[in-house]
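First the structure, in the form of C-alpha cells, and then the observations on it.
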Amino acid sequence: MTIPPSAWDLPDPVNAPAGEDLVAVGADLAPGTLIAAYSRGLFPMYVESDILGWWSPDPRGVLPLDALRVTRSLCSSCRRFDVTIDRAFEDTMRACADPARDSGWITEDFIRAYVRLHELGIAHSVEAWRGDVLVGGLYGVEIGGLFAGESMFHRERDASKVALVALVDALGGASAQEEGRLLDVQWRTAHLASLGVIELSRPDYLARLPRAVALPAVLGR
C-alpha cells in the first residue's frame, strides 16, 4: 500500500540549537508525517493539550544492541513470562497510556495514529503475559533498521524489562549493532541507564540515523 507523503515541511533537527529538545510545533499525526519525522530524527509529543510538539533530544538516549544488561534476576524473570510480538498492540498502547501513571501523555489521537501505523506494519508491540493476562510490554516504530521505542509498562515486576530483552533479541542483538541498527529510547533515565542505555549527542545520533533507516526492517517483514 502506498502511504501519501506528509503535507508538512518538517524541520531538519541538525539546525536546532544545541541542548534544546523541542524543535517545532504543529503538523499532524498522519502516517506520512510520522514516517518522515522518525526518518529525520523527530518524534511527536504534545507541548500542551492542543499543541503538538516535535522533539529531537540533545543528548539522545540509545540502547546499543550489544550492551543490554541482563542480570541474573532478570534472566530468571524471562522464564516467568510468555512473550509475544504484535499480539495486542492497542492493548499495550492503552496500558502505556493509563492516566494513573505519572507523566501520562498518550492521548486518543496518538492511539488512533499509532494503531494505524501498526495496521500498516510500521508500529509494533512486544507483550509479556502471565497466562492470558497482559502484565507488561512496550511499543514503538520501526523505520528500516531504526526502532524508536515510545513507551513501556509493567503490572508485574520485570515484565517490561522482559519485553525489552525480547525486543533486543528480535532485532538481532550484537550482530544488529554491527549492522548499524538503532534502538532509540528518546531520553536516558536512571532506570534505562541501569539496562545499558547511553547518551549520544544529537549530531552523533543524526549522523548514524541514515545508515540505520536504509537497512531492511526486521519486525515489519
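Against the test of being touching a Phe, Trp or Tyr at 6+ places or on another chain (Cβ under 8 Å), more than 19 Å from Phe43 (Cβ to Cβ) and not aliphatic (A, V, I, L, M), the options Gly131, Gly61, Gly53, Gly136 yield a single qualifying residue, Gly136.
In this structure, Glu156 does satisfy being in a loop (DSSP other than H, G, I, E, B), surrounded by fewer than 17 Cβ atoms within 10 Å (Cβ to Cβ) and either β-branched (Val, Ile, Thr) or at pLDDT 95 or above (or both). Pairing residues of region 7-33 that are closer than 29 Å to Val115 by Cβ with residues that are among the basic types (Lys, Arg) and outside any helix (DSSP H, G or I), at Cβ distances under 9 Å and at least 6 apart in sequence or on separate chains, gives Leu10/Arg40; Pro11/Arg40; Asp12/Arg40; Pro13/Arg40. Whether any residue in region 155-173 is out of contact with any Asp or Glu (no Cβ under 8 Å at 6 or more places or on another chain), under 23 Å from Ala27 (Cβ atoms) and either small (Gly, Ala, Ser) or assigned by TED's automatic domain parsing to the domain that holds Cys78 (or both) is what I want to check. Looking through region 155-173, none of the residues is out of contact with any Asp or Glu (no Cβ under 8 Å at 6 or more places or on another chain), under 23 Å from Ala27 (Cβ atoms) and either small (Gly, Ala, Ser) or assigned by TED's automatic domain parsing to the domain that holds Cys78 (or both).
A quick yes/no check of all residues on (1) under 18 Å from the mean Cα position of the chain (by Cα); (2) surrounded by 14 or more Cβ atoms within 10 Å (Cβ to Cβ):
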position: Asp12; (1), (2): no, no
position: Ala24; (1), (2): no, yes
position: Ser49; (1), (2): no, no
position: Asp58; (1), (2): yes, yes
position: Arg69; (1), (2): no, no
position: Ser73; (1), (2): no, no
position: Pro99; (1), (2): no, no
position: Ile111; (1), (2): yes, yes
position: Gly121; (1), (2): yes, yes
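Is one or more of the residues making up region 159-168 in contact with a helix residue (DSSP H, G or I) (Cβ under 8 Å, 6 or more places away or on another chain) and part of a loop (DSSP other than H, G, I, E, B)? Checking region 159-168: not a single residue is in contact with a helix residue (DSSP H, G or I) (Cβ under 8 Å, 6 or more places away or on another chain) and part of a loop (DSSP other than H, G, I, E, B). Region 62-150 holds strands (runs of 3 or more DSSP E) entirely within its bounds, and those carrying 1 or more residues that are in contact with a strand residue (DSSP E or B) (Cβ under 9 Å, 6 or more places away or on another chain) and either basic (Lys, Arg) or free of Cβ contacts under 8 Å to residues at least 12 places away in the same chain (or both) map to 123-130.
If I filter region 170-187 for residues that are touching a Pro at 6+ places or on another chain (Cβ under 8 Å) and part of a helix (DSSP H, G or I), do I get at least one hit? Yes, there is a match, as at least one residue in region 170-187 is touching a Pro at 6+ places or on another chain (Cβ under 8 Å) and part of a helix (DSSP H, G or I). In region 79-90, the condition of being farther than 26 Å from Asp169 by Cβ and over 17 Å from the mean Cα position of the chain (by Cα) is met by no residue.
The values are calculated or read from the model by the stated rules, or taken from the named source; none is laboratory data. Computed from a prediction, not measured in an experiment: that's the story for all the values here. Here Cβ is always computed from backbone atoms with ideal geometry, including for glycine, and neighbour counts include all displayed protein chains.
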